[in-house]
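Asker: This structure is in structure tokens; I'll ask about it shortly.
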Amino acid sequence: MKWDWSAVADFMPYFWDGLLVTLQILVLGSLISFALGLVWALLMRVPTRWVTWPVGAVTEFVRNTPLLVQLFFLFYVLPEWGITFSALTTGVFAIGLHYSTYTMQVYRAGIEAVPVGQWEAATALNLPLRRTWTAVILPQAVRRVVPALGNYVISMLKDTPLLMAITVLEMLGEARLFAQQQFQFTEPLTVIGFAFIVISYLASLALRALERRLVH
Amino acid sequence: MSTDTHAPFEKDPGSPRGTGELIRLEKVTKRFGDHTVLDNLDFSVDTGKHVTLIGPSGSGKTTILRLLMTLLKPDEGTITVDGDRLFPASEKQVREVRKKIGMVFQQFNLFPNMTVLRNITEAPVTVLGMSKDAAEERARELLEMVGLSEHIDKHPAQLSGGQQQRVAIARALAMRPQVLLLDEVTSALDPELVAGVLDVLRDIARSTDITMLCVTHEMNFARDISDQVLMFDSGRIIEAGPPEKIFSEPEHDRTREFLSAVL
Ligand SMILES: Nc1ncnc2c1ncn2[C@@H]1O[C@H](COP(=O)(O)OP(=O)(O)O)[C@@H](O)[C@H]1O
Ligand SMILES: [Mg+2]
């Protein structure tokens with residue numbers, strides 16, 4: 001086996017395409033998981049079982065079934081019901097939804113970690129419930145959970161190749177296609193391997209910077 | 001509301017009530033599980049009075065303050081403040097009546113995500129609908145009164161415990177409550193910081209007509225500021241009177257034992 005720089009050069013145009021798709025999945029998937037996870041966490045605090053039971057059941061189900069199964073389900077079953085999205089849209093939604101069932105647990109822990117004295121001070125000052133959440137509880141909870149959310153961003157990055165299964169050409173998809181056509185596996189796979197490491201390193205730097213900004 | 005233009009702690013002169021009984025608890029019972037903490041308690045406080053609650057740990061002092069702040073609900077009985085029901089009452093009415101009450105906690109409970117200034121202006125702006133400028137103006141006056149003007153833009157974590165507690169006092173006063181509830185506000189402080197906080201409270205007791213309900217183990221402070229001292233034991237008031245009497249010639253053995261233990 002020998003290393004062929006010209007294969008690297010040939011692969012690069014496809015690599016950039018794949019990188020762009022991977023980053024799209026990661027950024028949009030993360031944003032969906034951050035937002036949806038917060039929604040789940042807040043719904044789980046609504047003081048009626050009519051809300052907490054269905055939300056708890058659905059999120060438990062999504063968390064405990066494989067992402068790959070969910071991708072197939074959304075990509076092949078939904079169109080049978082007349083709901084169609086592009087493969088990328090479906091993939092981004094699926095990965096965001098899947099990870100939201102993890103981030104909800106992170107938020108829950110963050111919310112529970114806010115001392116009860118903060119709620120009591122808000123009551124003593126007569127702050128409305130909404131304002132207590134938005135001005136007192138959530139800012140403190142979110143600050144606490146940024147590192148844990150960051151870990152899920154890195155995990156999500158490592159799950160993005162699963163979208164290849166529903167025809168999304170992210171980095172691995174591009175590499176595989178190139179390899180199959182050129183019979184050169186080493187170069188494209190090595191390139192994207194490094195790319196994964198670089199992305200997760202940069203993402204962790206960005207998250208640490210965010211963390212430092214939040215911890216005032 | 002015209003209240004923003006008054007000096008830091010002048011009482012609203014337009015109040016139609018303002019004299020006589022301000023707080024009344026009637027036949028109030030509070031249980032935690034099958035542990036009855038307050039049993040059929042009757043108790044009232046007149047407007048402008050400074051009442052100190054003393055008694056051994058676990059005798060129910062904190063519970064009374066928390067009931068008044070609506071952090072707890074009684075199991076039975078009624079609670080009125082300034083003639084209005086606080087319990088039993090609708091959520092809407094509770095919100096109205098609660099405006100008359102402020103509380104300072106043992107652990108300060110400042111909002112760590114806000115500056116000192118925001119801590120003080122948050123509730124006046126969002127609850128009382130004060131303008132931001134008026135609220136900040138008042139916050140400055142209050143911070144000057146508690147001696148912390150130069151810390152206005154800091155966050156609570158940058159302050160000592162004693163400074164945080166003085167901010168918490170300013171925060172409570174910013175809402176212009178008629179009653180200030182103080183639950184062992186110096187117990188969490190290093191000894192050298194206690195005096196600064198007590199001086200601020202003495203100042204408030206002397207120069208305002210705010211009603212104070214105070215749980216403390218600082219007996220000299222209690223003697224200085226109190227109009228009345230209530231001795232609690234097992235959820236009942238076993239002795240009540242002016243401080244000179246309670247501290248110098250207590251009638252009850254339990255009071256004598258308690259005082260000799262803390263003094
Ligand atoms: N949230 C609670 N759950 C169960 N028991 C409690 C709770 N809060 C207070 N108690 C009990 O109620 C009693 C009175 O407590 P408290 O009012 O805090 O007394 P004090 O302030 O006089 O020390 C104590 O026996 C305490 O253990
Ligand atoms: Mg107590």
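Asker: Would you rank A:84, A:52 by solvent-accessible area, highest first, keeping every protein chain in place and using a 1.4 Å probe? Kindly include the intermediate steps, with their values, before the conclusion.
Answerer: On the way: A:84 100, A:52 35 Å².
Order by accessible area, largest first: A:84, A:52.
Asker: Right, another one. Hey, can you grab everything whose amide H is under 5 Å from the amide H of residue B:50? Only 5+ residues off in sequence or another chain; H modelled, so Pro and N-termini drop out.
Answerer: Correct list: B:212, B:227, B:228.
Asker: Moving to a separate point now. With a 1.4 Å probe and all protein chains left in place, how much of the accessible area of the stretch A:27-124 comes from carbon and sulfur atoms, in whole percent? Please list the in-between numbers first.
Answerer: Numbers: 3780 of 5190 Å².
In the stretch A:27-124, the share of accessible area belonging to carbon and sulfur is 73 percent.
Asker: Give the accessible area for residue A:200 in Å² (nearest 10); use a 1.4 Å probe, count only protein heavy atoms, and leave out ligands, DNA and RNA.
Answerer: Accessible area of residue A:200: about 30 Å².
Asker: Let me ask something else. Give me the percent of accessible area attributable to carbon and sulfur for the stretch B:79-179, probe 1.4 angstrom. Walk me through the intermediate numbers first.
Answerer: Numbers: 1770 of 3830 Å².
Accessible surface attributable to carbon and sulfur in the stretch B:79-179 totals 46 percent.
Asker: Let me ask something else about it. Output the relative contact order of chain A, whole-number percent, from Cα pairs under 8 angstrom with separation of 6+ residues. Let's see the in-between values first.
Answerer: Values: 219 pairs, mean separation 68.2, N = 216.
Relative contact order comes out at 32 percent.
Asker: OK, next. Alpha carbons only, please: Rg and Dmax for the stretch B:178-263, in angstrom.
Answerer: Cα only, the stretch B:178-263: 13.2, 35 Å (Rg, Dmax).
Asker: Could you work out how far apart the two model spin labels at residue B:90 and residue A:51 are, taking each label as a point 7 Å from the Cα in the direction of the beta carbon, and quote it in nm?
Answerer: Those two pseudo-labels are separated by 2.1 nm.
Asker: Can you give the three extents of the C-alpha atoms in chain B along their principal axes, from longest to shortest, in whole Å?
Answerer: 53, 44, 36
Asker: Under the Karplus relation 6.51 cos²θ - 1.76 cosθ + 1.60, θ = phi - 60°, what is the ordered set of whole-Hz ³J(HN,Hα) values for the stretch B:68-78, x standing for Gly and Pro?
Answerer: Computed from phi, the couplings for the stretch B:68-78 are 5, 7, 6, 7, 10, 10, x, 7, 9, x, 10 Hz.
Asker: In addition: Could you derive backbone 3J(HN,Hα) for the stretch A:17-28 from the dihedral phi with the Karplus parameters 6.51, -1.76 and 1.60 (θ = phi - 60°), listing whole Hz in sequence and x where the residue is Gly or Pro?
Answerer: So the J values, rounded to whole Hz, are 4, x, 4, 4, 5, 4, 5, 4, 4, 5, 5, 5.
Asker: Could you go through the stretch A:66-81 in sequence order and give the Karplus-derived ³J(HN,Hα) for each residue, using 6.51 cos²θ - 1.76 cosθ + 1.60 with θ = phi - 60°, rounded to whole Hz, and x for Gly and Pro?
Answerer: x, 4, 4, 5, 5, 4, 4, 4, 5, 7, 9, 8, 4, x, 5, 8
Asker: How big is D for the protein assembly as shown, in µm² s⁻¹ as a whole number, if Stokes-Einstein is applied with the Kirkwood radius of its Cα pairs at 10 °C and 1.306 mPa s? Please list the in-between numbers first.
Answerer: Details: Rh = 26.5 Å.
Rounded, D is 60 µm²/s.
Asker: What figure, in Å² to the nearest 10, do you get for the accessible area of residue A:16 with a 1.4 Å probe and non-protein molecules left out?
Answerer: Estimated to the nearest 10 Å², residue A:16 gives 140 Å².
Asker: Nearest 100 Å² is fine: how much accessible area is buried between B and A, summed over both sides, with a 1.4 Å probe?
Answerer: Details: alone 12250 and 12740 Å², together 23190 Å².
Interface area, both chains combined: 1800 Å², rounded to the nearest 100.
Asker: Relative contact order, percent, of chain B when contacts are C-alpha pairs under 8 Å separated by at least 6 residues? Write down the numbers at each step before the final one.
Answerer: On the way: 467 pairs, mean separation 65.3, N = 263.
Worked out over chain B, it gives 25 percent.
Asker: If r is the Cβ-Cβ distance from residue B:240 to residue A:129 and R0 is 51 Å, what FRET efficiency results, to the nearest 0.05?
Answerer: On the way: r = 38 Å, r/R0 = 0.74.
Working from the Cβ atoms, E equals 0.85.
Asker: Let me ask something additional. Taking amide hydrogens as modeled 1.01 Å from N in the peptide plane, which residues meet the under 5 Å criterion relative to residue B:87, leaving out close sequence neighbours?
Answerer: So residue B:87 has HN proximity to B:79.
Asker: Based on the Kirkwood radius over alpha-carbon pairs, what is the Stokes-Einstein translational diffusion coefficient of the stretch B:109-176 at 10 °C with 1.306 mPa s viscosity, in µm²/s? Kindly include the intermediate steps, with their values, before the conclusion.
Answerer: On the way: Rh = 11.4 Å.
The calculation lands on 139 µm²/s.
Asker: Could you please report the charge total around residue A:18, scoring K, R as +1 and D, E as -1 over all other residues with beta-carbon less than 9 angstrom from its beta-carbon?
Answerer: On the way: positive: none; negative: A:17, A:170, A:174.
Result for the local shell: -3.
Asker: A further question follows. At 20 °C and a viscosity of 1.002 mPa s, what translational diffusion coefficient does Stokes-Einstein give for the stretch A:1-120, taking Rh as the Kirkwood radius over Cα pairs? Give it in µm²/s as a whole number.
Answerer: Details: Rh = 17.0 Å.
Translational D for this selection: 126 µm²/s.
Asker: Express the relative contact order of the stretch B:109-176 as a whole percentage, based on alpha carbon pairs under 8 Å and six or more residues apart in sequence. Show your work: numbers first, answer last.
Answerer: On the way: 72 pairs, mean separation 32.6, N = 68.
RCO, the stretch B:109-176: 48 percent.
Asker: For the cross-link pairs B:27/B:245; B:99/B:154; B:100/B:132; B:92/B:245; B:73/B:154; A:158/B:154, which exceed 31 Å when the distance is taken from alpha carbon to alpha carbon? Intermediate results must be reported in sequence, preceding the final value.
Answerer: Numbers: B:27/B:245 27 Å; B:99/B:154 27 Å; B:100/B:132 21 Å; B:92/B:245 42 Å; B:73/B:154 36 Å; A:158/B:154 41 Å.
Checking Cα-Cα distances, B:92/B:245; B:73/B:154; A:158/B:154 exceed 31 Å.
Asker: Give me the net charge for the shell around residue A:110: Cβ to Cβ below 12 angstrom, other residues only, Lys and Arg +1, Asp and Glu -1. Mind dumping the intermediate values first?
Answerer: Working: positive: A:108, A:143, A:144; negative: A:112.
Overall, the nearby charge balance is +2.
Asker: How much area per residue is accessible in chain B when the probe is 1.4 Å and only protein heavy atoms are counted (Å²)? Provide the component values of the computation, followed by the final result.
Answerer: Working: 11400 Å² over 263 residues.
Computed with neighbouring chains in place, this is 43 Å² per residue.
Asker: I would also like to ask the following. For the stretch A:5-215, what is the accessible area per residue in Å² when the probe is 1.4 Å? The partial results should precede the final answer.
Answerer: On the way: 11110 Å² over 211 residues.
Per residue, the stretch A:5-215 has 53 Å² of solvent-accessible surface.
Asker: Out of every Cα pair in the stretch B:115-230, what percent are spaced more than 17 Å from each other? Working shown, then result.
Answerer: Numbers: 3638 of 6670 pairs.
Result for the distance tail: 55 percent.
Asker: 7 Å from Cα along Cα→Cβ at both residue A:158 and residue B:137: what's the point-to-point distance in nm?
Answerer: 6.0 nm
Asker: Something else about it: Can you give the net charge of the other residues whose Cβ lies under 13 Å from the Cβ of residue B:31, counting K and R as +1 and D and E as -1? Walk me through the numbers before you get to the answer.
Answerer: Working: positive: B:30, B:73; negative: B:34, B:39, B:75, B:76.
Surrounding charge for residue B:31 is -2.
Asker: Per residue, how much space in cubic angstrom lies within the convex hull of the C-alpha atoms of chain A?
Answerer: On the way: hull volume 30.9 nm³, N = 216.
Taking only Cα atoms, chain A has a hull volume of 143 Å³ per residue.
Asker: Accessible surface of residue A:154 in the full protein assembly, 1.4 angstrom probe, to the nearest 10 Å²?
Answerer: 40 Å²
Asker: Next up: Please report how far the C-alpha centroid of the stretch A:43-57 lies from that of the stretch B:179-195, rounded to the nearest whole angstrom.
Answerer: The stretch A:43-57 and the stretch B:179-195 have Cα centres spaced 41 Å from each other.
The values are calculated or read from the model by the stated rules, or taken from the named source; none is laboratory data. The shown structure was predicted, so the numbers you read here are calculated from the model rather than taken from an experiment. Reconstructed Cβ throughout: ideal geometry from the backbone, glycine too, with neighbour counts over all protein chains shown. Accessible surface is based on the protein model in full, side chains and every heavy atom, while ligands, DNA and RNA are left aside. Shrake-Rupley method; radii C 1.70, N 1.55, O 1.52, S 1.80 Å.
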